[in-house]
Amino acid sequence: MQYAYPLLAIFIWAGNTVITKMSAGAIFPAEIGFYRWLLAGLLFTPFLLKPVIAHWPAIRPNLGKIFILGVLGMAVYQSLAYFAAALTSATNMGIILSLMPLMSLAMAIISLGQRLTAGALAGAVLSFAGVLVVVSSGSLDLLLEHGVNLGDAMMLVATLAYAVYSTLLKKWQLKLPPLVLLYLQVLVAVAVLFPLFLASPKIGPTLQNIPLVLYACLLASMLAPLAWMQAVVRLGPSRTTLFFNLLPVMTALIAAGVLHEQLAMYHLVGGMLTLGGVILSERWTTVLGRKVSIA
């Protein structure tokens, strides 16, 4: 039963990648990004306003850090994904997103003093090769001639933003209840995305896009984080993070079933290389300079 929590979160987030792809053409990126966080903020407020007031002495000196976290983790990450969705496939997005744990590990080594391991180094090379296969559609000549697809590039930046967010979250260790911190970041996203929403062209709510907004808000922004928090409590951070490796597989399967995206050989090869690199970085924990052994 305890494994149901991380599996539910990953399933919802994989589905949200497909929802993000489905939103292309149905609603402008600035619209769905703003509506998603606005609705989440409105739904959270009755339950979390009092806890925020109660924890205000601890919140006030950390407002700058909370603002940065909200911009990176909520506004930049998901907004870029919405823009990328018009230019690349959900399958590509899921495979690129699977780089996030490895990016976070690299930043922890750089900024948190974590020791570099043989697995981290080998895994980085393997995962980078996998992403190259995906973004080049299996042809490095094509990649050199035309460059990286703009949608894939946006997704890489979005993934990097979330990796920075995860690293700062670990570095700063803000002494706030997780739900309070999540709510404050949602409010930051609403404030930051509001000008972009005003400046953007709008389709407005329709029968086609309202379900997309509701999924992104109720499931991806509220239920999935709650399930993930429960998983961390029950399984611990390290074991919970392992479930993130299922994201590209679930995304590809849902995209094939819902969007009828065709899985090409380069998706399979690139996905396996990327996933293998992440697993290697987690399992091969020998610090460089010592005798090599597989954990």
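The values are calculated or read from the model by the stated rules, or taken from the named source; none is laboratory data. None of the values given here were measured: they were computed from a predicted structure. Note: ideal-geometry Cβ built from the backbone for every residue, glycine included; neighbour counts use all protein chains shown.
Just give me the residues in segment 20-70 being among the aromatic types (Phe, Trp, Tyr), under 24 Å from Leu226 (Cβ atoms) and surrounded by 13 or more Cβ atoms within 10 Å (Cβ to Cβ), in sequence order.
Hits for segment 20-70 are Phe34, Tyr35, Trp37, Phe44, Phe67.
Can you find a residue that is assigned to a helix (DSSP H, G or I), within 30 Å of Asn245 (Cα to Cα) and within 14 Å of the chain's Cα centre (by Cα) anywhere in segment 58-70? It would help to see each step written out before you state the result.
The first filter runs over segment 58-70 and keeps only residues assigned to a helix (DSSP H, G or I), leaving 58-70.
Okay, now just the ones that are also within 30 Å of Asn245 (Cα to Cα), so 65-70.
The next check asks that each one be within 14 Å of the chain's Cα centre (by Cα); those that pass are 69-70.
Yes: segment 58-70 contains one or more residues that are assigned to a helix (DSSP H, G or I), within 30 Å of Asn245 (Cα to Cα) and within 14 Å of the chain's Cα centre (by Cα).
Among the candidates Leu207, Leu246, Leu263, Leu226, single out the residue that is among the aliphatic types (A, V, I, L, M), closer than 22 Å to Asn16 by Cα, at pLDDT below 90 and assigned to a loop (DSSP other than H, G, I, E, B).
Details: Leu207 fails: at pLDDT below 90; Leu246 fails: assigned to a loop (DSSP other than H, G, I, E, B); Leu226 fails: assigned to a loop (DSSP other than H, G, I, E, B).
Testing whether each residue is among the aliphatic types (A, V, I, L, M), closer than 22 Å to Asn16 by Cα, at pLDDT below 90 and assigned to a loop (DSSP other than H, G, I, E, B) leaves just Leu263.
For segment 126-138, what are the residues that are at pLDDT 75 or above and touching a Phe, Trp or Tyr at 6+ places or on another chain (Cβ under 8 Å)?
Across segment 126-138, the qualifying residues are Val133, Val134, Ser136.
Condition (residue is within 24 Å of Leu169 (Cα to Cα), of a type in the set (Phe, Trp, Tyr), without any contact (Cβ under 8 Å) to a residue 12 or more places away in the chain and out of contact with any Pro (no Cβ under 6 Å at 6 or more places or on another chain)) applied to segment 48-57: is it met by at least one residue?
Yes, that holds for at least one residue.
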